[in-house]
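**Student:** Below are the structure tokens for one structure; questions will follow.
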Amino acid sequence: MSRLWSRNEAVLRFVLLLAAIVVLPLLVRPVVASEIWIFAIAAMALNLIFGYTGMLSFGQATFFGLAAYTAGLMMIHWQAPLLAVLAAGTLVGALAAAVLGYVCIQRVGTYFIMLTFGFNQMFFFIAYKWTSVTGGDDGLPGIPRPPLALGPASIRLDSSLRYYVFVAAVFLLAFYAMKRIVDSPLGVIFQSIRENPGRAAAVGYDVKRYKWIAFTIAGGFTGSAGVLYSMMFGIVPLESMSWIISGDIVFMVLIGGIGNLYGPLLGAAAFKWLSEAISVVWERWPLILGVALVLVVLFLRGGLVEAFTRLRDAVGGPRARREPGERVAVGVTAERETGW
Amino acid sequence: MNVSLFAGAILNGLVTGMLYALMGVGLSLILGLLNIPNFAHGVLYALGAYVMFSGAKAFGFLGGVLAAVAAIAVVGAAIEYLGVRRLSRVHPDYTLLLTFGLSLILTETIILVWGPVGITFQPPALLAGGVDLGVTVYPKYRLAVMLFTAALVLACYLFVTRTRYGAIIRAGIEDKDTAAALGINIRLVFTLTFAAGAGLAGLGGALMVPVRGLLSTMGLDILPFAFVVVVLGGLGSLPGAILAGLLVGVVQSLMTVIWAPGADASVFALMTLGIIARPQGLLGQR
């Protein structure tokens, strides 16, 4: 009975997600709607390493930006087709994450965070100073948005609504892939590393190797998000590689609730929608962002998902059930003194 | 090879390096004792600079510097007492995010109060002008800052390693629970250490105003370098932070002369090499 219920609930959530994809461009500008799903992919990727595997990366913009620049340069200089660019960007993200991640995962905790952050800064300064290739502070402009070639058919993506449909399709693919990963035995190993790296090692898992795998997979996802971002405004801004974007992605995951599949999506949507809504009214919106972050950290560590769960428990609904590989209200379970 | 140019670059590197050491010492103490990478450390530096700028108008240069140190130390104590302390029982990642949020808030506050446009500031009349050092003529103010911060960093080191209060801090870094069980008010030590670390960052910011001027993003710009210094030196190691601070400052400054586009990136390359060769940092134990 309870299995059936939890299965129904999973289906219901997915239907709600599809409904959100359809309704979103009616509620906000299609450009903002596209941005939401693009950052949802990046947030999902961070969730895999932070929420599921327990490593807080403060440098995801490295892979986002590298893929965005790769995609931009390929399209400007080679007029590369859309899917090739998407594949290349994903690959670049994964490769960069494999190389940098190999160094980062040698250390845990604070060192790990600072290493991811340090690499992020290194690539930021390279992009900033290497103006002949990246355009430096002015960004890399003039990126075309090639049509989607599927066999003989060629679909133009020139309007922002058409592009939204493409972004949403890529997002759904990424979401499906991520769900398969976290539900797989590999996903369970990731979670066992988050819960207790020492014990995971004791039962025979090569902890460093699995951390490396998680980091690399996340880099690939983040890379594909970067490619989608580069085509959206036809420019890769220098900021796409900055640590502010890394922080934004961390914030999205946190505000949504870490360690379950839907939290980062909610977080990305809330973050992008709020920043759009507030930045129109007030230029200093990062101030409000900071206040929100402080309040969430101090009072609502499980994020929006925990808020929903608490609300549902308060009105006497069915108790939140956990799907396999899913933690509801992680903030509560994380309420203990853990090592890094 | 222009000797004067290189001598100037090395001296500039030492000035920046002493500043990095000052930031690194505070960051390292906070990290060692409270186990958090303080993402607000950069913005505390910036806030110190701006408070000094306003304070100097009212009380003169020295008054401005003192006001900055006092104000930033109080802000630091408040951050620890009202925020960090409440998160002592949850995963340290949350504390990091708290300091990141505070960093955003304070950066925006600076823009709201002082505006987004950069400001320049002249050194006090007593230290204006340059000194002929034989190889190069160097600004008096920078030399004074270099010597003062060197003395201060040394004093911090001696305080932590040679005094009773320093022993308490080291005991806290080693084992908080045992230190608390031995009757040390570890909570108070946390608050005071955070305040001291913040005060050092504020002092660094205040002293650099006549050298670097004021810019609303100056805190975000220096933070990564402060992190590099701590990682390279070894978490919780003061001599490591001092050595790494000087190393990073000089390398960055020399690279500016040799190959300017790579100056900033070279610092992070240095950190990466350091981490691979000595994961525990140059002088770190752990």
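**Student:** Being surrounded by 24 or more Cβ atoms within 10 Å (Cβ to Cβ) and hydrophobic (A, V, I, L, M, F, W, C), is that true of even one residue in the range B:260-270?
**Tutor:** To start, the set of residues in the range B:260-270 that are surrounded by 24 or more Cβ atoms within 10 Å (Cβ to Cβ) comprises B:267-268.
Applying the additional criterion that residues be hydrophobic (A, V, I, L, M, F, W, C) yields B:267-268.
Yes, the range B:260-270 contains at least one residue that is surrounded by 24 or more Cβ atoms within 10 Å (Cβ to Cβ) and hydrophobic (A, V, I, L, M, F, W, C).
**Student:** Within the range B:208-217, identify whether any single residue is within 17 Å of residue B:27 (Cβ to Cβ), modelled with pLDDT of 90 or more and not aromatic (Phe, Trp, Tyr), and answer yes or no.
**Tutor:** Initial filter on the range B:208-217 (within 17 Å of residue B:27 (Cβ to Cβ)): B:208.
From what is left, the residues that are modelled with pLDDT of 90 or more are B:208.
Pick out the ones that are also not aromatic (Phe, Trp, Tyr) and you get B:208.
The answer is yes; a qualifying residue exists.
**Student:** Does at least one position in the range A:109-118 carry a residue that is aliphatic (A, V, I, L, M) and either touching a Leu at 6+ places or on another chain (Cβ under 6 Å) or surrounded by fewer than 24 Cβ atoms within 10 Å (Cβ to Cβ) (or both)?
**Tutor:** Yes, some residue in the range A:109-118 is aliphatic (A, V, I, L, M) and either touching a Leu at 6+ places or on another chain (Cβ under 6 Å) or surrounded by fewer than 24 Cβ atoms within 10 Å (Cβ to Cβ) (or both).
For every residue, the table says whether it meets (1) in a helix (DSSP H, G or I); (2) among the polar types (S, T, N, Q); (3) more than 11 Å from chain A (Cβ to nearest Cβ); (4) under 12 Å from the mean Cα position of the chain (by Cα).
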| site | (1), (2), (3), (4) |
| --- | --- |
| B:203 | yes, no, yes, yes |
| B:208 | yes, no, yes, yes |
| B:220 | yes, no, no, no |
| B:229 | yes, no, no, yes |
| B:239 | yes, no, yes, no |
| B:243 | yes, no, yes, no |
| B:251 | yes, no, yes, no |
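**Student:** Does any residue in the range A:163-188 that is farther than 14 Å from residue A:261 by Cα come within less than 7 Å, Cβ to Cβ, of a residue that is surrounded by 21 or more Cβ atoms within 10 Å (Cβ to Cβ) and of a type in the set (Gly, Ala, Ser) six or more places away or on a different chain, and which pairs are these?
**Tutor:** Filtered contacts from the range A:163-188: A:163/A:34; A:164/A:33; A:164/A:34; A:167/A:34; A:170/A:224.
**Student:** Scan the range A:235-279 for residues that are of a type in the set (Val, Ile, Thr), over 30 Å from residue A:191 (Cα atoms) and not in a helix (DSSP H, G or I) and jot them down. Outline the logic, then answer.
**Tutor:** Step one: of the range A:235-279, the residues of a type in the set (Val, Ile, Thr) are A:235-236, A:244-245, A:249-250, A:253, A:255, A:258, A:278.
Adding the requirement that they be over 30 Å from residue A:191 (Cα atoms) leaves A:235-236, A:278.
If the condition is that a residue be of a type in the set (Val, Ile, Thr), over 30 Å from residue A:191 (Cα atoms) and not in a helix (DSSP H, G or I), then A:235, A:236 are the ones that fit.
**Student:** Turning to a different aspect of this structure: Here is a list: B:68, B:56. Which entry is crowded, with 24+ Cβ neighbours inside 10 Å and in a helix (DSSP H, G or I)? Lay out the reasoning, then the answer.
**Tutor:** On the way: B:56 fails: crowded, with 24+ Cβ neighbours inside 10 Å.
Criteria check complete, one pass: B:68.
**Student:** Given the conditions (1) among the polar types (S, T, N, Q); (2) free of Cβ contacts under 8 Å to residues at least 12 places away in the same chain; (3) more than 14 Å from chain A (Cβ to nearest Cβ), report the number of the one that residue B:122 does not fulfil.
**Tutor:** (2)
**Student:** Could you tell me whether residue A:183 is among the acidic types (Asp, Glu), out of contact with any helix residue (DSSP H, G or I) (no Cβ under 9 Å at 6 or more places or on another chain) and surrounded by fewer than 13 Cβ atoms within 10 Å (Cβ to Cβ)?
**Tutor:** Working: among the acidic types (Asp, Glu): yes; out of contact with any helix residue (DSSP H, G or I) (no Cβ under 9 Å at 6 or more places or on another chain): yes; surrounded by fewer than 13 Cβ atoms within 10 Å (Cβ to Cβ): no.
It is false that residue A:183 is among the acidic types (Asp, Glu), out of contact with any helix residue (DSSP H, G or I) (no Cβ under 9 Å at 6 or more places or on another chain) and surrounded by fewer than 13 Cβ atoms within 10 Å (Cβ to Cβ).
**Student:** If you go through the range B:79-101 one residue at a time, do you hit one that is at pLDDT below 90, among the hydrophobic types (A, V, I, L, M, F, W, C) and loosely packed, with under 14 Cβ neighbours inside 10 Å?
**Tutor:** No, the range B:79-101 has no match at all.
**Student:** Let me ask you something else. For residues that are under 24 Å from residue A:187 (Cβ atoms) and not in a helix (DSSP H, G or I), scanning just the range A:46-85, find the one that is nearest to the chain's Cα centre (by Cα).
**Tutor:** Of everything passing the filter in the range A:46-85, A:60 is nearest to the chain's Cα centre (by Cα).
**Student:** Further, regarding this structure: Say we look at the range B:111-163 and pick out the residues that are over 29 Å from residue B:43 (Cα atoms) and modelled with pLDDT of 90 or more; which of these is surrounded by the fewest Cβ atoms within 10 Å (Cβ to Cβ)?
**Tutor:** B:162
**Student:** List pairs: first in the range B:267-280 and in contact (Cβ under 8 Å) with a residue 12 or more places away in the chain, second loosely packed, with under 15 Cβ neighbours inside 10 Å and not aliphatic (A, V, I, L, M), Cβ under 6 Å, 6+ apart or cross-chain?
**Tutor:** Listed pairs, sorted by first residue: B:280/B:286.
The values are calculated or read from the model by the stated rules, or taken from the named source; none is laboratory data. Everything quoted here is computed from the prediction, not taken from an experiment. Neighbour counts are summed over all protein chains in view; Cβ atoms, including those assigned to glycine, are modelled from backbone coordinates with ideal geometry.
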